[in-house]
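Contents: one structure, followed by commentary.
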Amino acid sequence: MMGYEACVRCGLCLPACPTYLETMTETSGPRGRISLIKAVDEGELDLLSPGFVEQMSQCLDCRACQAVCPSAVPYGPMLEEMRARIEHERAASRPAAARTVRYFLLEWLFAKPSRMRAAASLLRFAQRTGLTAFAYPFGLRDAVRLAPRISDHFFVADDQRFDVPIAAGTAMLHTGCVMHVAFANVHEATVRMLNRARLSVVVPRAQGCCGGLAVHAGDPEFARELARVNIAAFERSSADVYVVNAAGCGSALKEYGALLDDDPAWRERAVAFAARVRDVTEVLDAMEIPAPRGRIEARVTYQEPCHLVHAQRVSAAPRRLLDRIPGLERVEMNESAVCCGSAGIYNLTEPDMAERLQARKVGNIEATGATIVATANPGCAMQVAAGLRAAGIPASVRHIVELLDQAYSSSLQD
Ligand code: SF4
Ligand code: SF4
């Protein structure tokens, strides 16, 4: 694969790169990382040299560079291939205990939604009783601080149907891993909004995690296993569109064609599936729904999830949806498309840079005077909310679908 040959070293990607903006260092930007990738691929630099591993880890895989590159350098796939190669080399020499922890956190837990729910139930108990403090001596203070607040109830995929009388089509809802235990209210709001858009909604039980986290962590084989489960579930559902309300998942699901390109039995099915995946904001924006009558009198700023704006190139639809809400004053923040430092488990693997980007984002939000930050991805919601809390800024973070649902629910027209 690769593709670094296309890079003409113009540097147009540098101002878009969050880690370059923070460090102003060539190697911490896309152009420098591409040079490193080329050197490794051509055998001039060792795959496990500390500087190279550090840069492959420090990159957020936010795709901001890829989105602005005039030469269409496939930066994301190159980075992910390198991470997979590093992970493959390291796996053999990793101590058994570390292998077990990694397997538990990145594979076992994500392989089945029921396991995620069991772990989330424990975490919820610890969060409600204050027992999370017992994790601090084990170096888990950051993990506890950044963990999402687990929902009081879960949104469990259980073959539900939410029908509307004269449906324009049927949507399958992707319930995901973290979303269904920590953002159950967003799923419920999504179902109501899709119904208002005259789409029936089905929620097949036989679905699961999108595999995005596994790809980021250099484990594409596990991601392929998860992808096959979701493709088969969608095919059986006979739905017209596969709807996602988490930008990171949507981006991974739309890339199933590339993920399964080397699997002749699944390649065509994966391409057909990916063509039907839509972010919920794309779907709602495309459907003709009368504007809500309910008002939200608030100043709102939109934080663009990297995997929506850069990876999926969806940027105008979320703003148009917010602009439909009467009373809502939308203000643009500076650098709304610069990563907030969430990026999967980045705030655990690269805590210093994650914190710098979080503080940068919080400063840009504060400058708008907004009391609500709208977003469309759970990782961004958690990272931004944690940053606002730490800075003592009394703004709340809401998914766009929640805001829309609130506006429609408080009017009598639906
Ligand atoms: S990756 Fe693209 S934008 Fe960046 S230096 Fe290379 S050609 Fe230019
Ligand atoms: S993916 Fe994001 S962090 Fe990585 S080089 Fe590109 S712009 Fe920078």
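Quick notes
- Mean shadow area of segment 4-93 over all directions, Cα convex hull, nm²: 5.4
- The distance separating the Cα centre of segment 75-103 from that of segment 300-371 comes to 30 Å.
- Each semi-axis of the equivalent ellipsoid for the chain is √(5λ) with λ an eigenvalue of the Cα gyration tensor; in descending order they amount to 32, 25, 23 Å.
- To put it simply, the accessible area of segment 94-289 at a 1.4 Å probe is 58 percent carbon and sulfur.
- Ordering of 305-315, 23-33, 143-153 by packing [mean C-beta count within 10 Å, highest first]: 305-315, 23-33, 143-153
- 3J(HN,Hα) couplings calculated from phi for segment 116-133 with the Karplus curve 6.51 cos²θ - 1.76 cosθ + 1.60 (θ = phi - 60°) are, in sequence order, 4, 5, 5, 5, 5, 4, 4, 5, 4, 4, 5, 5, 6, 9, x, 5, 4, 4 Hz; Gly and Pro show x.
- Length gained on full extension, Met24 to Asp152, computed as 0.36 nm times the residue gap minus the Cα-Cα distance: 41.7 nm.
- Across the accessible surface of segment 4-93, with the other protein chains kept in place and a 1.4 Å probe, carbon and sulfur atoms take up 55 percent.
- Peptides 77-85, 187-195, 318-326 ranked from most to least packed by the mean count of surrounding Cβ atoms within 10 Å: 187-195, 77-85, 318-326.
- Table column - 3J(HN,Hα) (Hz), segment 240-249, Karplus curve with 6.51, -1.76, 1.60, x for Gly and Pro: 8, 9, 9, 9, 10, 10, 10, 4, x, 5
- Under 5 Å between amide hydrogens, built in the peptide plane, is the criterion, and for Leu48 it picks out nothing among residues at least 5 positions away or on other chains.
- Karplus 3J(HN,Hα) series, Hz, for segment 38-51 with 6.51 cos²θ - 1.76 cosθ + 1.60 (x for Gly, Pro): 4, 4, 5, 5, 8, x, 8, 9, 6, 4, 9, 5, x, x
- R0 of 45 Å, Cβ-Cβ distance Ile166-Ala367: FRET efficiency to nearest 0.05: 0.45
- For segment 290-409, the solvent-accessible area of protein heavy atoms averages 37 Å² per residue (probe radius 1.4 Å; ligands and nucleic acids excluded).
- Peptides 209-218, 330-339, 154-163, ordered by how many other C-beta atoms sit within 10 Å of their residues on average, highest first, read 209-218, 330-339, 154-163.
- Among the cysteines of the chain, Cys7, Cys10, Cys17, Cys59, Cys69, Cys340, Cys380 have no other cysteine beta carbon within less than 4.7 Å of their own.
- Cα-centre dipole for the chain with unit charges at Cβ (Lys and Arg positive, Asp and Glu negative), debye to 20: 1060
- Per residue, the accessible area of segment 4-93 comes to 43 Å² when a 1.4 Å probe rolls over the protein heavy atoms.
- Mean Cα-pair separation over length for segment 309-414, i.e. relative contact order, pairs under 8 Å, 6 or more apart, %: 25
- Normalised by the number of residues in the chain, the average gap of Cα pairs under 8 Å and 6 or more apart makes the relative contact order 15 percent.
- Mean separation of Cα contacts under 8 Å, 6 or more apart, over the residue count of segment 4-93: relative contact order %: 34
- Debye equation applied to the C-alpha atoms of segment 94-289, log10 I(q)/I(0) at 0.08, 0.16, 0.17 Å⁻¹: -0.29, -1.04, -1.14
- This model, with +1 at the C-beta of Lys and Arg and -1 at the C-beta of Asp and Glu, gives segment 4-93 a dipole about its Cα centre of some 260 debye.
- Only helical runs count toward this figure. For the chain, summing -39,500 (n - 2.57) over DSSP H runs of n ≥ 4 and dividing by all residues gives -14500 deg cm²/dmol at 222 nm.
- In this structure the amide hydrogen of Tyr302, modeled in the peptide plane, comes within under 5 Å of the amide hydrogens of Val331, Met333, Ala374, none closer than 5 places in sequence on its chain.
- For the chain, modelled as a GNM whose springs connect Cα atoms under 10 angstrom apart, the maximal fluctuation among Arg102, Arg293, Arg269 occurs at Arg102.
- The residues of segment 94-289 expose, per residue, 46 Å² of accessible area to a 1.4 Å probe.
- Classification of segment 182-244 by its C-alpha gyration tensor yields an oblate form. The axis ratio a/c (a ≥ b ≥ c) is 1.5 or more, and b/c is at least a/b.
- Counting only DSSP beta bridges with both residues in the chain, the antiparallel share comes to about 10 percent.
- Label point 7 Å beyond Cα of Ala98 along Cβ direction - residues of segment 350-366 with amide nitrogen under 16 Å: 350
- For segment 323-414, the alpha carbon positions stretch 48, 25, 22 Å along the principal axes, listed from largest to smallest.
- Of all accessible heavy-atom area on segment 343-414, the percent that carbon and sulfur account for (1.4 Å): 52
The values are calculated or read from the model by the stated rules, or taken from the named source; none is laboratory data. No experiment lies behind these values; they were computed from the predicted model shown. Positions of Cβ are backbone-derived with ideal geometry, glycine not excepted, and every protein chain shown enters the neighbour counts. With ligands, DNA and RNA removed, areas are computed over all heavy atoms of the protein, side chains included. Shrake-Rupley method; radii C 1.70, N 1.55, O 1.52, S 1.80 Å.
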